[in-house]
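**Q** Let me begin by handing over the structure; questions about it come next.
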Amino acid sequence: MQHGSILFADDQSRITALARRPMTPSIPAAALDDLLGRSASRADVAQALRWALEQQGETVEVLEPDDAWQWAAPHRARYESPEWTWRR
């Protein structure tokens with residue numbers, strides 16, 4: 001995970017190709033499809049995350065889209081910020 005995201009497939013090499021200046025090659029990211037040896041759907045990942053959380057005794061509640069949007073509102077500015085995304 002990077003910044004709370006799950007990388008399904010690694011196509012980040014495209015960023016290097018689009019860069020305006022040379023970039024130092026980095027270790028490839030661990031992508032879910034590489035780890036599983038197959039593509040995973042969003043439903044597969046959601047089910048696996050729910051199962052893992054429930055195994056830890058967590059209660060999982062599915063939010064309606066409007067509720068999810070409202071819950072995320074206080075966090076949106078940070079996570080949409082290019083400065084935050086690309087900080088090292």
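**Q** Looking only at the stretch 69-88, which residues are part of a helix (DSSP H, G or I) and surrounded by fewer than 11 Cβ atoms within 10 Å (Cβ to Cβ)? Full working, then the answer.
**A** Step one: filter the stretch 69-88 for residues part of a helix (DSSP H, G or I), giving 69-79, 82-86.
Selection gives TRP71, ALA73, PRO74, HIS75, ARG76, ALA77, PRO82, GLU83, TRP86.
**Q** If you take the residues in the stretch 1-29 that are hydrophobic (A, V, I, L, M, F, W, C) and at pLDDT below 85, which one is surrounded by the fewest Cβ atoms within 10 Å (Cβ to Cβ)?
**A** ILE27
**Q** Would you be able to say whether some residue in the stretch 54-65 is surrounded by 10 or more Cβ atoms within 10 Å (Cβ to Cβ) and under 14 Å from the mean Cα position of the chain (by Cα)?
**A** No: the stretch 54-65 contains no residue that is surrounded by 10 or more Cβ atoms within 10 Å (Cβ to Cβ) and under 14 Å from the mean Cα position of the chain (by Cα).
**Q** Same structure, new question: Quick check on ARG50: is it under 20 Å from the mean Cα position of the chain (by Cα) and surrounded by 12 or more Cβ atoms within 10 Å (Cβ to Cβ)?
**A** yes
**Q** Could you list all residues from the stretch 30-47 that are surrounded by fewer than 13 Cβ atoms within 10 Å (Cβ to Cβ), over 16 Å from GLY4 (Cβ atoms) and of a type in the set (A, V, I, L, M, F, W, C)?
**A** LEU35, LEU36, ALA43 - these are the residues of the stretch 30-47 that are surrounded by fewer than 13 Cβ atoms within 10 Å (Cβ to Cβ), over 16 Å from GLY4 (Cβ atoms) and of a type in the set (A, V, I, L, M, F, W, C).
**Q** Another question, then. Can you name every residue in the stretch 44-88 that is touching a residue at least 24 places away in the same chain (Cβ under 8 Å) and out of contact with any Lys or Arg (no Cβ under 8 Å at 6 or more places or on another chain)?
**A** Of the stretch 44-88, the ones touching a residue at least 24 places away in the same chain (Cβ under 8 Å) are 45, 79, 84-85.
Hits for the stretch 44-88 are VAL45, TYR79, THR85.
The values are calculated or read from the model by the stated rules, or taken from the named source; none is laboratory data. The model shown is predicted, which means the values in this text are computed figures rather than measured ones. Neighbour counts run over all protein chains shown; Cβ positions are idealised from the backbone, glycine included.
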